[in-house]
Amino acid sequence: MMPHHPARLNPARRGDGNVRGMARLDPQALVTHLDRLYRVAWALCGSREEAEDLVQETAARVLAKPRQLHGQDELAYLVRALRNTFLLARRTRSRRPQEVATLDQVEPVQRHGTGLPEVALEARELFAAIATLPDDFRHALVAVDVAGLSYREAAELLDTREATVASRLFRARERVASALVPPADAGEGNAPARSLR
């Protein structure tokens, strides 16, 4: 049996506690990727308001202490952090008793003028359709199409194989396309996504 030599077991460790070659997350990366993280959050939650809360909660968690990237790029790390925060919030919410709000407690919705109401409506419909997908399909679609991760990065994020990501992504896109077909077009056979089933 060989003698125990800590330095030999982990030669890359330096005296300051960091592992050589392991980069730290730059806090400014969060600002750089904020728009994309918001779209990912909206697709996960299905609600703009919940997406804003999710991004804020993720930012608070990430910025609370220095973070190591562990070989990931900044965006992949931040998407993983956002997804983990989403899953944690969902688990916590499912354990709480549901409260029913009265009309006096409901605040009026603030209207944000985008200048392009049809674009806002399409985005709302798209994110609502994504939010109704089964979790496996939704997470694959969000990782690749919304966050812009590669299939390899998405597979690492979702702890699965690239082929599984590709399969889930295909099915997710098919379902979203079907959900967005206007009812008049659906019966006429003009929707190629329906013919794929």
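The values are calculated or read from the model by the stated rules, or taken from the named source; none is laboratory data. On a predicted model such as this, the values are computed, not experimentally measured, just so you know. Every residue, glycine among them, receives a Cβ derived from its backbone with ideal geometry; neighbour counts consider all protein chains shown.
If the condition is being modelled with pLDDT of 85 or more and among the small types (Gly, Ala, Ser), then the stretch 7-44 contributes ALA41, ALA43.
Scanning the stretch 60-81 for residues being touching a strand residue (DSSP E or B) at 6+ places or on another chain (Cβ under 8 Å) and surrounded by 15 or more Cβ atoms within 10 Å (Cβ to Cβ) gives a total of 2. Return yes or no: is THR92 assigned to a loop (DSSP other than H, G, I, E, B), surrounded by fewer than 18 Cβ atoms within 10 Å (Cβ to Cβ), hydroxyl-bearing (Ser, Thr, Tyr) and at pLDDT below 90? So THR92 fails the test.
Considering each of ALA193, ALA123, ALA184, ALA163 in turn, give the residue that is in a helix (DSSP H, G or I) and at pLDDT 85 or above. Walk me through how you get there before you give the answer.
Values: ALA193 fails: at pLDDT 85 or above; ALA123 fails: at pLDDT 85 or above; ALA184 fails: at pLDDT 85 or above.
Of ALA193, ALA123, ALA184, ALA163, the one residue that is in a helix (DSSP H, G or I) and at pLDDT 85 or above is ALA163.
Restricting attention to the stretch 126-160 and to residues that are free of Cβ contacts under 8 Å to residues at least 40 places away in the same chain and not in a helix (DSSP H, G or I), the residue that is surrounded by the fewest Cβ atoms within 10 Å (Cβ to Cβ) turns out to be ASP159.
Identify, from the list ARG83, ARG48, ARG61, ARG67, the residue that is within 16 Å of LEU158 (Cα to Cα) and either under 13 Å from the mean Cα position of the chain (by Cα) or charged (D, E, K, R) (or both). Can you show your working first?
Details: ARG48 fails: within 16 Å of LEU158 (Cα to Cα); ARG61 fails: within 16 Å of LEU158 (Cα to Cα); ARG67 fails: within 16 Å of LEU158 (Cα to Cα).
Answer to the check: ARG83.
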